[in-house]
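Working notes for the structure below.
The values are calculated or read from the model by the stated rules, or taken from the named source; none is laboratory data. Here the structure is a predicted model, which is why all the values come from computation and not from measurement. Neighbour counts run over all protein chains shown; Cβ positions are idealised from the backbone, glycine included.
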C-alpha cells in the first residue's frame, strides 16, 4: 500500500461501513471496504440509540476487514443536524470559524453552546460601499448527539479525527458524475432510514436536505401489508417472483411498494421544487444521480423520472477511485457499489 491512507466510517441504520483510501502516484485507490450489519434499533433516524451494540459492531468490522490503522473520519446525518445557507461578514478562514458562535445564534433552533458548528464557504460577496460578506453552508449539530456517536466509536479502540456531514461526503465522492461543470445536479443518497439530498453545481453545494425516509420504509410497508418478518419482506421487495409467495401476497406487496415509493418520490420532488423557488439565480436542477442501498429498488429511477421530468441515473462512487487489493470479488464489488459513496467521501475529506 503506497502513500498516506485515510478511513471513512459510515454509521447507518442497517449497518456500519468503512472504506480505506490510499493517496499515491496512481491517484486515489480503494484499498479496503467492509461492512457489518446492525441489529434493529441500534440506530434510529440517524441517531445512536444503543452505543454498546455499535461499539461491538465496529470492533467486528475492524477485526474482519484488516484496516491498516484506527484513525477515522466519522459521518453524521439526522434531524438534529441543521444545514442552512447564510451570509456572514468576511473574515480569514481561521478567524471566521472562531467567530461562528458569536455570529450564527439567530440562525439556529438550538442554543449555540449546545451545538457543534461548521461553515463551508461557497462565495465571496462584494458590492460598492458595502462590507465584504461570504455566503456559505452553516452546519450545526446537537453536541450530545455527536458525542454519543464519537464515544461509541472510540470505545471500539478507534480515534475519531473529524466528524463530517454525510451529505458533504456524498458530494465529495459523486460530484463529477453525470454532469458538465455548468449543470445543476441533485445527488440523492438513499439509506435505510435517512436520505441525503445535495443540490450542487461543479461540486459547490447549493442545497442540503436530510430526509428521514429510505429503503427500510418500503420494506416495513411490505411487512405490515403482508404480515411477514422484515427479512422476508426485504426479499419480497427486491425479488418478488423469486420468493414463491402466493399471487395475492405479491399483489398486496406490490401495492405497498407503490404507495411507500410514491411518498418517497414526492418528498424528493418537493425538495427540488423548494430549491427552484428559493434559488432562482442558480438555475433549475437539470438531472438527478441516485446512490445508496435504497437506490436498488426496482423501478425507482423510472418513478423519479416521471415525477421530476428530469433524467435520472444511478451513481457509482467506485468510478472515482482506482481499485486496489480489496479482497472483494467482482460480484461483491458490484453488490456493495451503491453503499460506498458515503464512506469513500468521508475518507476523501479526512486528514490523517
Inset, instruction - Starting from the range 310-322, keep only residues that are touching a residue at least 12 places away in the same chain (Cβ under 8 Å), then list their pairs with residues that are surrounded by fewer than 15 Cβ atoms within 10 Å (Cβ to Cβ) and assigned to a loop (DSSP other than H, G, I, E, B) whose Cβ atoms are within a distance under 8 Å, requiring at least 6 positions of separation or different chains. - result: 320/176; 322/26
Legend entry - Single match in 60, 35 (criterion: assigned by TED's automatic domain parsing to the domain that holds residue 348, in contact with a strand residue (DSSP E or B) (Cβ under 9 Å, 6 or more places away or on another chain), part of a helix (DSSP H, G or I) and more than 24 Å from residue 141 (Cα to Cα)): 60
Inset, instruction - For the range 323-334, indicate whether the set of residues that are under 12 Å from residue 32 (Cα atoms), assigned to a helix (DSSP H, G or I), in contact with a strand residue (DSSP E or B) (Cβ under 8 Å, 6 or more places away or on another chain) and not assigned by TED's automatic domain parsing to the domain that holds residue 301 is non-empty. - result: yes
Inset, instruction - Check off (1) at pLDDT 90 or above; (2) farther than 30 Å from residue 22 by Cβ for residue 64 and give me the number that stays unchecked. - result: (2)
Inset, instruction - Pull up the range 38-49, narrow it to residues that are surrounded by fewer than 16 Cβ atoms within 10 Å (Cβ to Cβ) and over 17 Å from the mean Cα position of the chain (by Cα), then point me to the one that is nearest to residue 78 (Cα to Cα). - result: 49
Inset, instruction - Go through 184, 289, 204 for me and flag whichever is at pLDDT 95 or above and within 17 Å of residue 170 (Cα to Cα). - result: 289
Legend entry - Out of 137, 110, sole residue that is part of a loop (DSSP other than H, G, I, E, B), touching a strand residue (DSSP E or B) at 6+ places or on another chain (Cβ under 8 Å), surrounded by 14 or more Cβ atoms within 10 Å (Cβ to Cβ) and outside the structural domain of residue 350 (by TED's automatic domain parsing): 110
Inset, instruction - Being crowded, with 18+ Cβ neighbours inside 10 Å and on the phi < 0 side of the Ramachandran plot narrows it down to one of 226, 251, so name that one. - result: 226
